[in-house]
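I have placed the structure first, in the form of structure tokens, so that the comments after it can refer back to it.
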Amino acid sequence: MIYTDKEKYSEFINESVTYLKQHGFENIKADVEGYETPKSYSKVGSDISITPDIVAEKEGRKHIFELGLKSSKPSLLKSKWLFLNTLSNLKSHHFRLITTRGHYKFTNEILDDINLSDKKLIKI
């Protein structure tokens with residue numbers, strides 16, 4: 001989810017955190033009020049900053065979660081997901097996408113566009 005959609009979908013972030021807690025994830029950091037904010041990554045020489053929606057640990061491995069929700073700026077979403085996928089591969093983390101009813105088609109189209117169609121979605 002991009003920064004401009006954060007307030008609009010903050011309730012869904014809380015639902016996702018609850019889901020992750022029920023499935024054994026610990027040390028959950030979320031980009032929403034009430035939780036510690038995950039580490040942000042900044043582009044050198046620019047004011048662009050990327051913050052994952054949710055970061056959690058399970059069985060000693062870090063997992064990065066992004067919310068696959070409809071957005072007015074899909075190109076920003078694509079670049080964010082590509083960056084987070086590359087980062088997670090470099091650091092041996094897991095990168096997963098969480099989506100909900102009404103957003104499946106949009107999320108799958110974005111994944112197909114950036115050749116990440118092998119990613120399985122967590123459907124809440």
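Numbers at a glance
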item: Residue match in region 71-85 (condition: buried (at least 16 other Cβ atoms within 10 Å of the Cβ), modelled with pLDDT under 95 and in a loop (DSSP other than H, G, I, E, B)); result: yes
item: LYS91 surrounded by 14 or more Cβ atoms within 10 Å (Cβ to Cβ) and farther than 21 Å from TYR9 by Cβ; result: no
item: Residues located in region 104-124, provided they are under 15 Å from the mean Cα position of the chain (by Cα), of a type outside the set (A, V, I, L, M) and outside any helix (DSSP H, G or I); result: LYS119, LYS120, LYS123
item: Filter pass, ILE54 being open to solvent by less than 80 Å² (accessible area, probe 1.4 Å), modelled with pLDDT under 95, under 24 Å from ASP113 (Cα atoms) and among the β-branched types (Val, Ile, Thr); result: no
item: Matching residues, region 24-51, being in contact (Cβ under 8 Å) with a residue 24 or more places away in the chain and open to solvent by 90 Å² or more (accessible area, probe 1.4 Å); result: GLU26, ASN27
item: Enumeration of residues in region 17-51 that are touching a strand residue (DSSP E or B) at 6+ places or on another chain (Cβ under 8 Å), modelled with pLDDT under 90 and on the phi > 0 side of the Ramachandran plot; result: none
item: Some residue of region 108-117 being of a type in the set (Ser, Thr, Tyr) and crowded, with 17+ Cβ neighbours inside 10 Å; result: no
item: ASN14 vs. criteria touching an Asp or Glu at 6+ places or on another chain (Cβ under 7 Å) and either modelled with pLDDT of 95 or more or over 19 Å from LEU76 (Cβ atoms) (or both); result: no
item: Subset of region 33-54 (residues that are closer than 17 Å to LEU97 by Cα, of a type in the set (Val, Ile, Thr) and not in a strand (DSSP E or B)); result: THR51
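The values are calculated or read from the model by the stated rules, or taken from the named source; none is laboratory data. In this text the structure is predicted, and so the values were computed from the model without any measurement. Please note: Cβ atoms are built from the backbone with ideal geometry, for glycine as well, and neighbour counts cover all protein chains shown. Accessible surface areas use protein heavy atoms only, side chains included; no ligands, DNA or RNA. Shrake-Rupley method; radii C 1.70, N 1.55, O 1.52, S 1.80 Å.
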